[in-house]
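Chemist: I have a structure here, written as C-alpha cells, and I will follow up with some questions on it.
Every number in this text was worked out from the coordinates using simple rules, so none of it is lab data. Remember, predicted model here, so these are calculated numbers, not experimental data. Because the Cβ atoms are built from the backbone with ideal geometry, glycine has one as well, and the counts that use them run over all protein chains shown.
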Amino acid sequence: MDAASPQRIQAACFLIPAATVSPVGQPLPLTRPGDIQVEFYNDGLVTAFISYSNTSAADAQAKAVIPTTGAATNQQVFPVAAGCYITKTFEPGTWFSGITASSTANVYCTPGEGN
C-alpha cells in the first residue's frame, strides 16, 4: 500500500448499473483463494440496494429487492447511499446486482485489501 491510498487494489474496478429494474449480476473479477474486500461507491443521486449471490448472475438479480417498512426480507442486500462509499468482504465467485426506488445509480466497485 502507498501512503495516498489505504487500499491495495487486487482486480479491475467494475460497474453495477443499479436501476428500478435490477440488471443481470456482475461477477467479482477475482479468482484467488480467500475473502476479498470490495469498496462500493454510489455515483448516483439515489440510494442503491446492492444484492449478492455466490450462485449465479441470475440469482444476484433475483435477490435485488428494496426492503420496506414492516416487511422482513431474506435477501442478501445492503444499501449504498448516494455519494457514499462502503466496504464489505466477499468470497471469490460472488455476483452483484442493484436496484433503486427511482432513477438510476452507477455503483463502482473496487476489489482490494486494507480498506
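Chemist: How would Thr47, Thr104 line up from fewest to most surrounding beta-carbon atoms within 10 angstrom? Let's see the in-between values first.
Modeler: Details: Thr47 19, Thr104 15.
The order, fewest Cβ neighbours first, is Thr104, Thr47.
Chemist: May I ask you to sort Leu28, Leu15 by Cβ crowding, counting other Cβ atoms within 10 Å and putting the fewest first? Present the calculation step by step, with values, prior to reporting the outcome.
Modeler: Values: Leu28 22, Leu15 14.
Taking fewest neighbouring Cβ atoms as first place, the list is Leu15, Leu28.
Chemist: Listing Thr110, Thr68 from the residue with the fewest other Cβ atoms within 10 Å to the one with the most, what is the order?
Modeler: Ranking Thr110, Thr68 by Cβ neighbours within 10 Å, fewest first, gives Thr68, Thr110.
Chemist: Which percentage, to the nearest 5, of the DSSP beta bridges contained in the chain is antiparallel? Don't jump to the answer; show the numbers that get you there.
Modeler: Values: 31 of 32 bridges.
Within the chain, antiparallel bridges account for around 95 percent of the total.
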